[in-house]
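The values are calculated or read from the model by the stated rules, or taken from the named source; none is laboratory data. No experiment lies behind these values; they were computed from the predicted model shown. FYI the Cβ positions are ideal-geometry reconstructions off the backbone, even for glycines, and counts take in every protein chain you see. Side chains are part of the model used for accessible areas, which takes the heavy atoms of the whole protein and leaves out ligands, DNA and RNA. Shrake-Rupley method; radii C 1.70, N 1.55, O 1.52, S 1.80 Å.
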Amino acid sequence: MASMNESRERIRREREREKNTYTSPRLALRRVLLLAEGRQFREAAAILARLGPGVLQSVASELPIDLLVEALPHSAHLIETLLNRLISLEITPRPELQCEAVAWRLVGLLGGDQGSGLRARTARLANALVQYTPDARDAVDARRRQLDSAVQGLGTHGLTADSSGTLISLHIAMKNELQRHVEVFKQALHKLEELSPVTLHSDPASSSHQRLLSLSHADVERRLIDNKSLLTAIDKPALRQLPILVSELAARVESDKAVLACIGQIKRSDPTLDLSDTRPVAGVLMSYSRGCAAVLGLMSEGEGGAERGGEGTPRSHTDSASDGYHSDSDDSQQHPDRSALVSQYAAVWSKAAEEVLPALDALEQLKATPHLKYKIVFSVAVLSFRAAISLRERRLSEVRALLGAEEEQSAAAAGLLAAATRVLRTTAATFPLGEAERTVVGQVVGTLREYPCLASCGALHSLAAAACRAAWALGLHSPPLRIDTDFTPVVMTPERHVRVSGSSRRSDLIRSFVWPALLDGGRCVFRAVVLT
C-alpha cells in the first residue's frame, strides 16, 4: 500500500513539473524577461533550469545579455545558471553570449570592491564563464598584462642621464644635445669650406683610380690633415647620445599610446567611467588590473582550488646567495611550474652574486666606486623585466598587424592575442631574446659611458641574457610573476629583505637595493637583496 502511495506521489510531482515546464521558446523568453525586468533574477534562473535543450538554445540566442550584464552583480545567478545549463545539456553550437562583456563587467566590479562580498557572489559565475568559454581566462590575463604594461609605461617619463651622467629631464637633455649638434655641425661645415682642392673635388674625373694613384706625398699628407681635422670636429663622444634620447622619446610616445588605448577600451565597456581632470589615470588602470587579478583568481579557484595568497609567513633564512627564495613545500607541489620559475629567478641572482659581482669588482675603472657594482647588477635586473615586457608587446602587436587586427576589439581579436600568448609561453625557453639583451646592456653602458670597460665585460652580458630569459618566462606565466618596483623602504624587514654579503649588521637602514624582490600577486616569493 505504501509503495502504491509513493508511486502516485511521484506521478503527481512529474505532472506538476511538466505543468511548470515551458515548451514554447517565445513564452519562456517572455516570462524570463518579465522576471528579469522586475529584478527577480532567481525566479528567472529557476525557469531556465527547467527548459529542455531546444527551447533553452532558442531562449539563449534571443536573451538580451547586455541588459543582464548591466544588472550585475544582481544577475550573476541568472547568467551562471544559463551557462551551466547550456554546458550540462551539451548544446551545440553554443550560443554567443557576450562572455567577454560579462568578464569585463566583473573586472570593473571587483576592481573597485572594498570587501562588500562581491567575490563570493560572483565566484560561481567566473567559474561558469571559463568552462563555457575556455579562452576567457587567457583573454582576461592578456588584458591584465596590457594594463600592467601601461602602468609601467607611465613610470618611464622620469629623469634621464645626459652625456655627463647627470639625471635631468629628457627634453632638456635633448635640447642640450641638439644644441651641441648644431654647434658641431656649424664647425664641420666651416671645415668643409676650408678643405684643400686635393681633398675636396666635385669633378668625377678627379676621383678616378688613375688620378688617385698619381697623388704625391705632399698631396696624401694634405688629404690626411684635412680629413683628420674634419673627423676631430664631427666625431665627438658627446654627440653619440642623440640616438639613445630619440629611442627613449619613442618609447615614451608608445607608452602613452598604450595608456590611452587601455583607457579607450575601458570607456567603451563602461561609458559611465569618471575620467575627470583631477583623477589619476594610473588609478583607473590599476583598479581594472586588480579586477582582472580577482577574476583570474576566481577562475583558478573553480578549476583547482584557491591559491594561497600573501598571508603565509616566510621562514627565516641565513644570508647567502639564494637567501631571498622562500616557498612552502605544499605550495610548490600544487604549482610546480610557478615554483620552477621562482627557482630560475633565484638562480639568476646566484649568478649575479657568484660571478658578476666579483667580475665587476676586478675591473680597474670601478675600484674607485666600490658600491657601483651593486647598482649595475640591480639595473640589469630591473631593465631586463622592462625589456622583456616591451619585446613581448611588440611581438604581439606584430601578430595583430600581420593579420590586420591592430584596431580590432572583437572577441576574435582577443582570442588571437590569447592564442599568440600561449604560443609564446610554450616557447619561453627558446624564444630569441637577443634584442632585449642588447637593449639592457646598451642602456647600462650608455648611462655609464665614463666606464667603457663595461661594454666588454663578458659577465655583464651573461647576466643580461640570464635575467632577460627569466623575466620573459615570469611575465608569460598565467598569472604573471613580477618584480617589486617599490624601492622606497629605508629600513629592511625580514619578510621582504635580506642583506647582501658585506653589509653592516649593526644597522637596518637600506643603503642600496642590490636585487629586486619577486612577487606572486601580493605575496613575496623571493626577498629583495639589499646593502645595509
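For the residues PHE526, PHE513, a 1.4 Å probe over the protein chains yields an accessible-area ranking, largest first, of PHE513, PHE526. Solvent exposure of segment 361-481 amounts to 45 Å² per residue of accessible area, where only protein heavy atoms count and the probe is 1.4 Å.
Summing Cβ point charges (Lys, Arg +1; Asp, Glu -1) relative to the Cα centre of segment 442-532 gives a dipole of roughly 200 debye. Each Lys and Arg Cβ is given +1 and each Asp and Glu Cβ -1; about its Cα centre, segment 420-471 then shows a dipole of about 240 debye. In this structure, ALA362 and ARG511 have a Cβ-Cβ separation that, at R0 = 30 Å, corresponds to a calculated FRET efficiency of about 0.85. Highest average first, the peptides 74-87, 433-446, 361-374 ordered by how many other beta carbon atoms sit within 10 Å of their residues are 74-87, 433-446, 361-374. When all protein chains stay in place and ligands, DNA and RNA are ignored, the 1.4 Å accessible-area order of PHE431, PHE185, PHE487, PHE41, largest first, is PHE185, PHE487, PHE431, PHE41. In this label model, SER196 and LEU167 are separated by 5.2 nm, measuring between points 7 Å along each Cα→Cβ vector. Within segment 416-532, all pairs of alpha-carbon atoms sorted by distance into 10 Å bins from zero give the percentages 12, 30, 35, 19, 3, 0. The largest accessible area among MET492, MET299, MET286 belongs to the first residue in MET286, MET492, MET299, and the rest follow in falling order (1.4 Å probe, all chains). On full extension, the segment bounded by ALA46 and CYS453 gains 139.1 nm, given 0.36 nm per residue less the C-alpha separation. Between SER504 and VAL281, the modelled label-to-label distance comes to 4.3 nm, taking each label 7 Å out from Cα in the direction of the beta carbon. Between ASP66 and LEU224, the simple spin-label model (points 7 angstrom out along Cα→Cβ) gives 8.0 nm. Maximal additional length on extending the ALA251-ILE87 stretch stands at 54.5 nm, based on 0.36 nm per residue less the C-alpha distance.
The stretch between LEU189 and ARG94 holds 27.0 nm of extra length on full extension. This uses 0.36 nm per residue minus the Cα-Cα distance. Under 19 Å from a label point set 7 Å out along the Cα-to-Cβ vector of ARG268, the amide N atoms of segment 115-148 belong to 136-148.
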